[in-house]
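S.K.: Here it is: the structure, laid out below.
Just so you know, all these numbers are worked out from the coordinates, no wet-lab data involved. On a predicted model such as this, the values are computed, not experimentally measured, just so you know. As a convention, Cβ positions derive from the backbone with ideal geometry for all residues, glycine included, and neighbour counts pool all protein chains shown.
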Amino acid sequence: MSASDDTITDRISTVSIATLVLSFFVATASAGLTAAANVLDRRRVYGLLRLSGTPLKVLDRARVRETALPLAALAGGTTAMGVFAPCSSTRRQAPPSTAPAPCNSPSA
């Protein structure tokens with residue numbers, strides 16, 4: 001690969017990482033807004049559950065799980081994309097006459 005190919009690959013990698021970071025922040029904001037909307041929609045249900053004797057600790061745990069699980073899935077998916085996408089794009093760009101190098105080894 002020539003120096004210009006390396007420059008192009010580096011720029012593509014930088015733009016890809018920036019896009020992944022931005023998409024993670026947008027997804028996080030979306031998950032937060034959805035969770036807040038769900039809590040507001042269920043305000044009456046939570047009030048009735050509280051009046052019927054449900055401990056506040058149980059209701060708080062349910063709200064945290066409702067918010068944290070989608071956020072953890074988004075964070076895990078975005079992180080996996082960020083880790084594995086550059087490896088797969090590097091392997092695809094190798095010339096057909098050479099075997100692709102492992103992702104963690106320096107290219108010659």
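S.K.: Let me check against my output: what whole-number percent is the relative contact order of the stretch 1-82, with C-alpha pairs under 8 Å and at least 6 apart? The partial results should precede the final answer.
M.R.: Details: 20 pairs, mean separation 42.5, N = 82.
Answer for the stretch 1-82 is 52 percent.
S.K.: With θ set to phi - 60° and the Karplus curve 6.51 cos²θ - 1.76 cosθ + 1.60, what are the ³J(HN,Hα) couplings of the stretch 77-83 in order, to the nearest whole Hz, using x for Gly and Pro?
M.R.: Computed from phi, the couplings for the stretch 77-83 are x, 5, 5, 4, 4, x, 7 Hz.
S.K.: Fully extended, how many nm does the chain gain between Asp6 and Val58 (0.36 nm per residue separation, minus their Cα-Cα distance)? Write out the running numbers ahead of the final one.
M.R.: Working: separation 52, 0.36 × 52 = 18.72 nm, distance 5.44 nm.
Net length gain for the segment: 13.3 nm.
S.K.: Under 1.5 on a/c is rounded, so check that first for the stretch 3-82, then, if it is not, pick prolate when a/b is larger than b/c and oblate when it is not; a ≥ b ≥ c are the square roots of the alpha carbon gyration tensor eigenvalues.
M.R.: The shape class here is prolate.
S.K.: Near Ala37, within a Cβ-to-Cβ distance under 15 Å, what is the net charge of the other residues, with Lys and Arg +1 and Asp and Glu -1?
M.R.: Summing Lys/Arg as +1 and Asp/Glu as -1 gives +2.
S.K.: Listed highest first by mean packing, meaning other Cβ atoms within 10 Å per residue, what order do 36-47, 70-81 come in?
M.R.: Details: 36-47: 11.1, 70-81: 13.7.
Ranked from most to least packed, the peptides come out as 70-81, 36-47.
S.K.: Shifting gears a bit: When the Karplus curve 6.51 cos²θ - 1.76 cosθ + 1.60 is applied with θ = phi - 60°, which whole-Hz ³J(HN,Hα) does each residue of the stretch 9-17 get, with x for Gly and Pro?
M.R.: Taking θ as phi minus 60°, the curve returns 4, 5, 5, 4, 5, 5, 5, 4, 5 Hz for the stretch 9-17.
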